[in-house]
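Notes for the one structure printed next.
The values are calculated or read from the model by the stated rules, or taken from the named source; none is laboratory data. This one's a predicted model, so the numbers in the text were calculated from it and none came from an experiment. No Cβ is skipped: glycine too gets one built from the backbone with ideal geometry, and neighbour counts run over all protein chains shown. For the accessible areas, the whole protein counts, side chains as well, though only heavy atoms, and no ligand, DNA or RNA atoms are used. Shrake-Rupley method; radii C 1.70, N 1.55, O 1.52, S 1.80 Å.
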Number of protein chains: 4
Amino acid sequence: MDSEKDRLNALKEDAVQGFTAHCGLEPVSLAPGQFITRVRIRDCHLQQDGFVHAGVMATMADHTAGYASFSLVPPDQRILTVEYKINFLSPASGDYLECRSRVIQQGRTLLVTESEVYAIRGEEEDLVAKALLTMAAVSQEKTSRP
Amino acid sequence: MDSEKDRLNALKEDAVQGFTAHCGLEPVSLAPGQFITRVRIRDCHLQQDGFVHAGVMATMADHTAGYASFSLVPPDQRILTVEYKINFLSPASGDYLECRSRVIQQGRTLLVTESEVYAIRGEEEDLVAKALLTMAAVSQEKTSRP
Amino acid sequence: MDSEKDRLNALKEDAVQGFTAHCGLEPVSLAPGQFITRVRIRDCHLQQDGFVHAGVMATMADHTAGYASFSLVPPDQRILTVEYKINFLSPASGDYLECRSRVIQQGRTLLVTESEVYAIRGEEEDLVAKALLTMAAVSQEKTSRP
Amino acid sequence: MDSEKDRLNALKEDAVQGFTAHCGLEPVSLAPGQFITRVRIRDCHLQQDGFVHAGVMATMADHTAGYASFSLVPPDQRILTVEYKINFLSPASGDYLECRSRVIQQGRTLLVTESEVYAIRGEEEDLVAKALLTMAAVSQEKTSRP
């Protein structure tokens, strides 16, 4: 039995619930320290000018980086987002958004991660947002912030 | 007729559509350079640990600051989020979230804004997120980023 | 003997050494969770357009917030800057810069802080930069990042 | 005569003056949209624990990204730092710091850039800081912020 593979599959499923299910997030692939997700663009994702709302991209950038981090910590730890910064590079429209996140540094408690969000239409993709994020790994029992 | 008041009322209505309607955003009060919004917390806003997802708070922080900025620019301009940074201070739960945003500096094109998100339960409120954001005012015709 | 006061005075002195001495940082006042510092503007602080270099303001914003954090943790802990974000609001010039920092949230390991940098000329002051910063408290022995 | 090459050489020289000269910044190589700089680590760069002060890394990250941006705009424009966010990944020590910056998106007025700072000791290099920055290109005559 491949327990690492089982763990990654369980995390992929766990990633879609509550708000991320509400946003239509779909996992694409999860490897240790790397996660890719997608959202098919629908009217409920748009803002007042007809482009995808920055909040959808920010939610993807944060959540995808969070589960990329999850894949690197022991099963009895959970991941909290400490903070992030995101730049919006182009108005986003198309068939779907794809977010690619990776952990760039893992400390004892903190993980620094990076997310890139692409808008994809047919064969073309356009980098629409880039984020630099800090995650904290805390034991399951603790409910307070690190 | 009070055209300034009409404009603010129109902006308050305009603020809820597409993704922000999907998230349950409600305007509370809008004054020049200041906007307050609320979201009643429901299951669709939660993350894997039962707290409000960071994406809900980030969407509020961004959108509320965006419309606080809208209130300061001529009607033929629209507001784009250039970038923001947000810190999450406490796990958020309670009856509803309230976001209070204000413009701290207005330049020719760029507006620097600040948002504070509070989780409110009964009479108690808790600062759960703080953001520092950069907005750009662009003329309606332009579809590209500044 | 007032050991709290002694501790704060020792921290104020400790704040000026190495790079901050090189930058001309001067402590103004330190209270628990709050620190104010100054830099008298000289030619060595300027950038190519004759304004104060962003690096001077960033160094002040970071260092002043760091020692505001120091004042809240046990003497056997030290403070590391995890990350920060800073907006530059106006070109800075004048007699001196003053940075006012405060801790807005203290967790078990992480402290979230805020810094405002003012350019002061005679009686006038102008907010020239604002930062939102994350600090980590670690025990003296540990040399690695949290 | 290669005017592009002359322009890049002039920018490389221009990059070291005032505060960056005070910090010991040295240009390494400048290509359109990409700049590399170094600082030989000296005692005047250190903080209270004997590591390089975050302010030195932030100044490099900002300034190197600024001149990477300069290389892409017409000669009658200058570059202002709108804001940046920087994560510190490891305590920095060694022989020198090297900062590698590149422009990841150029809009009409705003340029989004990225900087990585490495600490180099002998043959080894360690990524010690990463930044995501927003620059604005403004015409020489304007002295106010965009």
The range D:69-102-the range B:91-112 distance, computed between alpha-carbon centres (Å):
28 Å
Compute the label zone of residue B:3 within the range B:51-78: residues whose backbone N is under 19 Å from the point 7 Å along Cα-to-Cβ.
B:70-78
For the protein assembly as shown, alpha-carbon Rg and Dmax in angstrom
22.9, 74
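In square angstrom, what is the accessible area per residue of the range C:83-128 with a 1.4 angstrom probe? Intermediate results must be reported in sequence, preceding the final value.
Values: 1650 Å² over 46 residues.
With the other protein chains kept in place, the range C:83-128 gives 36 Å² per residue.
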Dipole of the range D:70-122, positive end: most advanced residue of D:81, D:97, D:111 [Cβ charges, Cα centre]:
D:111
Once amide hydrogens are built 1.01 Å from N within the peptide plane, the residues lying 5 or more places from residue A:92 or on another chain with amide H under 5 Å from its amide H are A:52
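If R0 is 56 Å, what FRET efficiency do you get for residue C:126 and residue B:121 from their C-beta distance, rounded to 0.05?
On the way: r = 40 Å, r/R0 = 0.71.
Step by step, r from the Cβ atoms, then E = 0.90.
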Mind checking C:123-132 for the average number of partner chain beta-carbons within 10 Å of each residue's beta-carbon?
3
Could you give the distance between the Cα centres of the range B:1-23 and the range A:1-35, to the whole Å?
37 Å
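Beyond a 25 Å Cα-Cα separation, which of these cross-linked pairs lie in this structure: A:130/C:130; B:12/B:130; D:5/D:130; A:85/C:130; A:5/D:130? Display every interim value, and only then the final one.
Working: A:130/C:130 22 Å; B:12/B:130 22 Å; D:5/D:130 28 Å; A:85/C:130 15 Å; A:5/D:130 31 Å.
Beyond 25 Å between Cα atoms: D:5/D:130; A:5/D:130.
What's the longest uninterrupted piece of chain B once you rule out the GluC sites (Glu not before Pro) that are loop residues per DSSP with at most 15 other Cβ within 10 Å?
Working: sites that count: B:123, B:141.
Excluding the exposed sites themselves, the longest stretch runs over B:1-122.
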Comparing B:46, B:30, B:97, which has the greatest mean-square fluctuation in the GNM of chain B with Cα pairs linked when under 10 Å apart?
B:46
Accessible area buried between chains D and C, both sides summed, probe 1.4 Å, in Å² to nearest 100:
3200 Å²
Please average, across the residues of B:99-112, the number of beta carbons from any other chain that are within 10 Å of each residue's own beta carbon, and give a whole number.
4
In Å and from the alpha-carbon atoms only, list the Rg and Dmax of the range B:66-146.
14.9, 45
Stick to Cα atoms and the Kirkwood definition of Rh, then tell me Rg/Rh for chain B.
0.98
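Can you tell me, using C-alpha contacts under 8 Å and at least 6 residues apart, the relative contact order of the range D:57-128 as a whole percent? Numbers along the way, then the final one.
Numbers: 106 pairs, mean separation 24.2, N = 72.
Contact order relative to length: 34 percent.
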So which trypsin sites (Lys or Arg not before Pro) in the range A:69-146 pass both tests, a DSSP loop state and at most 10 other Cβ atoms within 10 Å of the Cβ?
none
Note down the relative contact order for chain A as a percent, whole number, built from C-alpha pairs under 8 angstrom at least six residues apart.
23 percent
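Net charge near residue B:39: determine it from the other residues with C-beta under 12 Å of the C-beta of residue B:39, scoring Lys and Arg +1 and Asp and Glu -1. If you can, show how the numbers build up before the last one.
On the way: positive: B:38, B:40, B:42; negative: B:26, B:95, B:98.
Neighbour charge sum, excluding residue B:39 itself: 0.
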Convex hull volume of the Cα atoms in the range D:29-109, per residue, in Å³?
109 Å³
